[in-house]
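Step one of this worksheet: look at the structure below.
Values quoted throughout were computed directly from the atomic coordinates according to the rules given, and no laboratory measurement underlies them. No experiment lies behind these values; they were computed from the predicted model shown. Please note: Cβ atoms are built from the backbone with ideal geometry, for glycine as well, and neighbour counts cover all protein chains shown.
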Ligand code: AHR
C-alpha cells in the first residue's frame, strides 16, 4: 500500500482539548452499579462495598467526569429514594430497565466514589416523571451549606460540607418515545427552562446540559434542537448528543468509516447552535456535550424481568470495535473547539470496557484506545492533513485508510493513528511543517489476529496496548509502520 503522510503545523490549532472529553457514565442499569463498581459481597470489595479491582482498572482510564444515575433510569428516579439511612431506603421497581432497584447506592455513595477517583460528577435530573422543584432540591442537597431542609438532610446522612456538583443534565433523551415522560420539543423546552432557572437560582455556579437529539436517526433530528435551544436560551450551557454505532450489516470497511458520521453529527449540532445564536443575536452559545457514546449493537435486550442487577447489554468487544472507538475519540479531538464534554457509555459490565464475573474482571478491547488517548490528552488539537490511500464506505463515505489526529502538548506532539485496512500494513510519516521532532517519548500499539478477535476469560490479554519501539525520528519527522487493523499513539519529543 502507498505510504501515508500526515502533515501538520502548530499554527493551525483547532482548540485546547477539554480534559472532560474523557468522561464516563455510571447508570443504574444491569450490573453497572450493583456487581460492577459496588459489590459488598465480593472478596474484592473495600469496607464501603466498592470493588477495588474495578476501581484500579477505571483509574487506568483516568476519566475526568462521570455521569450518573442515568440514562433512561434517571427519567423515573427520585433522588430522595437513594439518600439517608440505607435500611430505610425503599426498594423500587425501575421501569426503564424493568429491574429491581434496592437504592443501596445513591447520591452520597456516588459522590464519595467521585472524590476517591478524582472524577468530576455530572448528575442527570429527572425531567421525565420528576419536576423542576425536585431537581432544584437535589441542587440544594448537594451544593448548599447546612441550614435549610435539603442541605440539612445531607448533613444528617453524615456529610456536612457541600459536595459542590457543577455539571447537571436537564433530563435524558427526552426526544425518544421510549423515555419515561417523553414529550414533544416545545413541552420539554418549558420543563428544561423552568428546571434550569430554579436550579441556577439555588446555585448560580452550576452548569446545565440540555437534551439535544439523542441520535441522528430520530425524525425530529435538529428540529428538536432548534426549538429547545431557542426557548431555553441562556439556560443551557451545553447541549447533549448521544451516539451508539455498530457493524450491523457485517461490513467491516464501512463500519470502520463510521467516525465520518460522528464528525457529521458534531458539525450538524454545532450548526444548530450557531443558527440559534444568530437568531437570538446573542454573544453566548451552548457547547457540545457528547454524554453517551460507544459501540452497541449486539446485546440490545433491556428487560431486566424484575431482577436485581440483571445481565443487560453485556457486549463483548473485538478489535474492529476498538478501532472504531479510537476513530470516535479522534473525531472529538478534531472538534476540540466545540466538543467540551464526552462520556463513554458505560464504565463496567453494560456496554463497557470492563466486565466482571464473580470476583474476576476482564479488560475488553475498547479499554485500550481510551487509555492510549486519555493519557496523552493535555494540549491543543492541531489540524492534520492526511495524504494517502482512501476508500469509499458503503454508507459512511470516503475514509482515509489511515485515520489521524494530533495534540500539541508542552514539549511534545501526541499523534493518534489507526490503520483501517484489515489486510495490509500502512507506512506512515509524520511531518510537522514548523516543528522539529527530536525523539520518541513513548508509543503504544493495539492490534490482534483479526477483526473479530477479542479478549476472553480463557485468553484475557489477546488484545492489549503494547509498547511500540520502532518509531524512527529523523530530520525532524517520524516514520512508523502500522500493522493491519491497528491503533497507535505516539508521543514525540520536540526539539
Ligand atoms: O447507555 C444505555 C442507554 O442508552 C441509556 O440509558 C440511554 O440514555 C440510551 O438510550
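For segment 23-157, the antiparallel share of DSSP beta bridges with both residues in that region comes to about 40%. If a spin label sat at a point 7 angstrom from the Cα of residue 459 along the line to its beta carbon, the backbone N atoms of segment 299-323 nearer than 19 Å would be those of 316-323.
Note the angle between two axes, namely the Cα long axis of helix 319-334 and the longest principal axis of the Cα atoms of the chain, as a number of degrees from 0 to 90, rounded to the nearest 10. For 319-334 against the chain, the angle is about 80 degrees. The ranking of 395, 4 by Cβ neighbour count inside 10 Å, starting from the fewest, reads 395, 4. The distance from the alpha carbon centre of segment 5-78 to that of segment 109-158 is 19 Å, rounded to a whole number. The calculated FRET efficiency for residue 380 paired with residue 427, based on their beta-carbon distance and R0 = 35 Å, is about 0.80. A simple spin-label model places pseudo-atoms 7 Å from Cα toward Cβ; at residue 133 and residue 148 they are separated by 1.5 nm. Within segment 18-377, antiparallel bridges make up roughly 20 percent of the DSSP beta bridges whose residues both belong there.
The distance from the alpha carbon centre of segment 179-202 to that of segment 338-385 is 31 Å, rounded to a whole number.
You can think of it this way: the chain between residue 234 and residue 300 has 20.1 nm of extra reach, that is 0.36 nm per residue less the Cα-Cα gap. Between residue 87 and residue 337, the distance separating the two model label sites (each 7 Å from Cα on the Cα→Cβ line) works out to 6.0 nm. Using 0.36 nm per residue and subtracting the Cα-Cα separation, the extra length available between residue 43 and residue 217 on full extension is 58.3 nm.
The alpha carbons of segment 18-377 stretch over 50, 46, 39 Å along the principal axes, in descending order. Between the helical axis of 107-117 and the longest alpha-carbon principal axis of the chain there is an angle of about 30 degrees. Counted by neighbouring Cβ atoms within 10 Å, the residues 282, 390 run from fewest to most as 282, 390. Sorting 62, 217, 254 from the fewest to the most surrounding beta carbons within 10 angstrom yields 217, 62, 254. Placing pseudo-labels 7 Å out from each Cα toward the beta carbon at residue 395 and residue 190 gives an inter-label distance of 3.7 nm. Does anyone have the angle between helix 259-280 and the longest principal axis of the chain? Alpha-carbon axes, 0 to 90°, nearest 10? Compared with the principal axis, the helix lies near 60 degrees.
The equivalent ellipsoid that matches the C-alpha gyration tensor of segment 204-342 spans semi-axes of 30, 19, 13 angstrom, in descending order.
So how much slack lies between residue 474 and residue 161, counting 0.36 nm per residue of separation and subtracting their Cα-Cα distance, in nm?
On the way: separation 313, 0.36 × 313 = 112.68 nm, distance 5.51 nm.
So the chain would gain 107.2 nm between residue 474 and residue 161.
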